[in-house]
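Data block below; observations after.
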Amino acid sequence: MSAELEDINEECGVFGVWGHSDAARLTYFGLHALQHRGQEGAGIVSNDHGQLHGYRGLGLLTKVFSNEQVMERLTGNCAIGHVRYATAGSGSVDNIQPFLFRFHDGDVALAHNGNLTNCTSLRNSLEDNGAIFHSNSDTEILMHLIRRSNKPTFMEGLKEALRTVHGGFAYLLLTQDALIGATDPNGFRPLSLGRMQNGAYVLASETCALDIVSAEFIRDIEPGEIIVINDEGYRIEHYTDHVQHAVCSMEFIYFARPDSNIYGINVHSARKRMGIRLAKESPVDADMVIGVPNSSLSAAAGFAEATGIPNEMGLIKNQYVARTFIQPTQELREQGVRMKLSAVRGVVAGKRVIVIDDSIVRGTTSKRIVQLLREAGAKEVHMRISSPPLKYPCFYGIDIQTTKELIAAKHSVEEIREYINADSLAFLSLDGLVESIGLHKPAPYGGLCVAYFNGDYPTALDDYRDEFLASLTPQEREHLQEVKQNSKYSHESLI
Ligand code: SF4
């Protein structure tokens, strides 16, 4: 947490290993480090001399693999695994990955982190041509495209399929003789390669999963790359030349673990720099700085360091509370906040408090946090947000796909301040965010996707375009037209 205490969610984490006698168990450990990326389901497929064995289930990894006998059946020295975040209504085991496909010429397992923007049209056209889908996830599409390809080899078919799907993706595939990773042409979703002391190779959504199995980081998988790992080692291939970096900035702000590095940038350090920059942009006189645990603690440390105001623990996270699912009523949602957070009365009573949070999504949780602090006796509550206002939906792998869920899409900063009842409210600027992360790639926004904040989408929105535009007011459409006119990207117009 936070991103307003989990109102936005990542869609999945992947992990794979090639060349270790305990591959499935290592995958379990890797997935454990990635559990924050998805808690609704988990699965592992192993490869034992070309025989693929899989197991998957709903719930946390520890629940799915609580039975030792399950793990013992996942034999072999290669494996891939997946932890999944599912949007409401799709929490069926059919959607839990990796998917295991049994073909006459060899089994293949597939796991995916991200979201395809042309999923609906591809799926419809595949179904019209006889394809039968077993899940409502967009992941199966890739395998249908590979199998229907007329290319002479699996790799050629895979490359063609990767050129056909659009959006954000990091795929892992396990065939009988290789572990394959592939990233989308913008590199929205991270994927890193590591190597263990015994020579085994590891692929993971975040480097924290490399650390947990003591694998040494080798490189990030760059936009548009395919990595093929087999008994000979690894090689990199490309399926397209139309690449640019548009790495999801929310990975740095909220999703990724602070001990992970993305393209060489440590996530904790980036968050701390955001806090330092925020303090310079929007200072305020107060007695203490407190961060909303856990993802805002780094930014709070930066804010405190830059201002000299003491960094205190004014909010405590309940470590044992289960993830709250979308609550049916406002009352239950508010109760959910109380279950997750408590204000420390002995610290905040009578004090002027600066609260650092990483973002405001709906605003309801921020309002509750301010209320908790006031009830605990805080004299003033100043809210500082270590990212710009979230105004636009994401179509590349985050579960916010309409503007109506985002308070900043419809309200000014002053209106939000009034709603959450803070004494003052300020957000980090877009330039401040880009410079604090400091990716410095030769691409718009230094190689970061910032569409959540400014509507400048790095790719065409394909199937989402019409519905998205229809959801906007005439003024919002007009504004988006202006965004498009000033877009730093060269793809076709949104409007
Ligand atoms: S729109 Fe936002 S959440 Fe989605 S990829 Fe871009 S920065 Fe990340």
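Considering the stretch 131-153 alone, what residues qualify as being of a type outside the set (D, E, K, R), in a loop (DSSP other than H, G, I, E, B) and crowded, with 20+ Cβ neighbours inside 10 Å?
Taking the stretch 131-153 as the starting set, the residues that turn out to be of a type outside the set (D, E, K, R) are 131-137, 139, 141-146, 149-150, 152-153.
Now restrict to residues that are in a loop (DSSP other than H, G, I, E, B): 131-137, 139, 149-150, 152-153.
Within the stretch 131-153, SER137, THR139 meet the criteria.
Is it the case that the stretch 394-414 has a residue that's under 25 Å from PRO223 (Cα atoms) and among the basic types (Lys, Arg)?
The first filter runs over the stretch 394-414 and keeps only residues under 25 Å from PRO223 (Cα atoms), leaving 394-401.
Within this subset, residues satisfying the condition of being among the basic types (Lys, Arg) are none.
Scanning the stretch 394-414, I find no residue that is under 25 Å from PRO223 (Cα atoms) and among the basic types (Lys, Arg), so the answer is no.
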Checklist entry - Can you name the residue in the stretch 205-260 that is touching an Asp or Glu at 6+ places or on another chain (Cβ under 6 Å) and of a type in the set (Val, Ile, Thr) and, of all such residues, is surrounded by the fewest Cβ atoms within 10 Å (Cβ to Cβ)? => result ILE236
Item to check | Residue that is nearest to the chain's Cα centre (by Cα), among those in the stretch 98-116 that are under 15 Å from LEU174 (Cα atoms) and not in a strand (DSSP E or B) | outcome: PRO98
Checklist entry - Just one of the numbered conditions (1) more than 14 Å from the ligand (Cβ to nearest atom); (2) surrounded by 15 or more Cβ atoms within 10 Å (Cβ to Cβ) is not true of ALA409; which one? => result (1)
Checklist entry - Among the residues of the stretch 414-436, is there at least one that is within 16 Å of the ligand (Cβ to nearest atom), surrounded by fewer than 20 Cβ atoms within 10 Å (Cβ to Cβ) and assigned to a loop (DSSP other than H, G, I, E, B)? => result yes
Next on the checklist: List pairs: first residue in the stretch 59-77 and aromatic (Phe, Trp, Tyr), second residue part of a helix (DSSP H, G or I) anywhere in the structure, Cβ distance under 7 angstrom, at least six positions apart or on different chains.
Outcome noted: PHE65/TYR28; PHE65/MET71
Next on the checklist: Restricting to the stretch 284-321, name every residue that is in a loop (DSSP other than H, G, I, E, B), surrounded by fewer than 23 Cβ atoms within 10 Å (Cβ to Cβ) and among the hydroxyl-bearing types (Ser, Thr, Tyr).
Outcome noted: TYR320
Checklist entry - Can you name the condition, by its number, that ASP463 falls short on among (1) farther than 26 Å from ASN118 by Cβ; (2) in contact with a helix residue (DSSP H, G or I) (Cβ under 7 Å, 6 or more places away or on another chain); (3) modelled with pLDDT under 95? => result (1)
Checklist entry - Where in the stretch 157-253 are there strands (runs of 3 or more DSSP E), lying wholly inside it, with at least 1 residues that are over 24 Å from the mean Cα position of the chain (by Cα) and more than 16 Å from the ligand (Cβ to nearest atom)? => result 225-230, 233-238
Item to check | Identity of the residue in the stretch 375-397, surrounded by 24 or more Cβ atoms within 10 Å (Cβ to Cβ) and among the aliphatic types (A, V, I, L, M), that ends up farthest from the ligand (Cβ to nearest atom) | outcome: ALA378
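The values are calculated or read from the model by the stated rules, or taken from the named source; none is laboratory data. Note that this is a predicted model, so its numbers are computed, not measured. Counting neighbours? That spans all protein chains shown, and the Cβs are built from the backbone with ideal geometry, glycine included.
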